[in-house]
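Only one structure is covered here, and it is reproduced in the block below.
A short reminder: the numbers here are calculations on the coordinates, not readings from a lab. Computed from a predicted structure; not experimentally measured. Positions of Cβ are backbone-derived with ideal geometry, glycine not excepted, and every protein chain shown enters the neighbour counts.
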Amino acid sequence: ILASRAQVYSKDVLEWIDKPHLDYSHKTRLVKDVLYKINYKIKSVLKSDDDPIQVNKSKFDKRLKVYSLDKSLFLNQ
């Protein structure tokens, strides 16, 4: 997500999970859990209340989720 220039769709995130024996719903729960843990760790380090990785609905299809990252948190200032 950090290396992407635009938002990342949920189907792309699901492809990162290399567990072919899991079904779609289990992979979705796994992604949600992993992103929660990543957000928690980043928020703890930065002492912030806002989630660095935001989950929103797609503008084109409201059924799809898109993930975006506040990249200003990772710029050298």
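Excluding ASN39 itself, what net charge comes from residues whose Cβ is under 14 Å from its Cβ, given Lys and Arg +1 and Asp and Glu -1? That sum, taken over residues with Cβ under 14 Å, equals 0.
Once the Cα-Cα distance is subtracted from the 0.36 nm per residue extended length, the LYS37 to ASP50 segment shows a gain of 3.3 nm. Placing unit charges on each Cβ (+1 for Lys and Arg, -1 for Asp and Glu) gives the chain a dipole about its Cα centre, and among LEU73, VAL45, LEU30 the Cα reaching farthest toward its positive end belongs to LEU30. To the nearest ten degrees, helix 24-46 and the longest principal axis of the Cα atoms of the chain are 10 degrees apart.
Based on alpha-carbon atoms only, what is the radius of gyration of segment 6-60 relative to the globular estimate 2.2 N^0.38 Å?
Values: Rg = 12.8 Å, N = 55, 2.2 N^0.38 = 10.1 Å.
For segment 6-60, the normalised Cα radius of gyration is 1.27.
Length gained on full extension, ARG63 to ASP12: 16.9 nm, using 0.36 nm per residue less the C-alpha separation. When the C-alpha to C-alpha distance is required to be over 20 Å, the pairs from LYS27/LYS59; LYS41/LYS71; LYS41/LYS62; LYS32/LYS57; LYS37/LYS65 that qualify are LYS27/LYS59; LYS41/LYS62.
Determine the dipole magnitude for the chain: charges of +1 sit on the beta-carbon of Lys and Arg, -1 on that of Asp and Glu, nothing else is charged, the reference point is the Cα centre, and the result goes in debye to the nearest 20. Dipole about the Cα centre, nearest 20: 140 debye.
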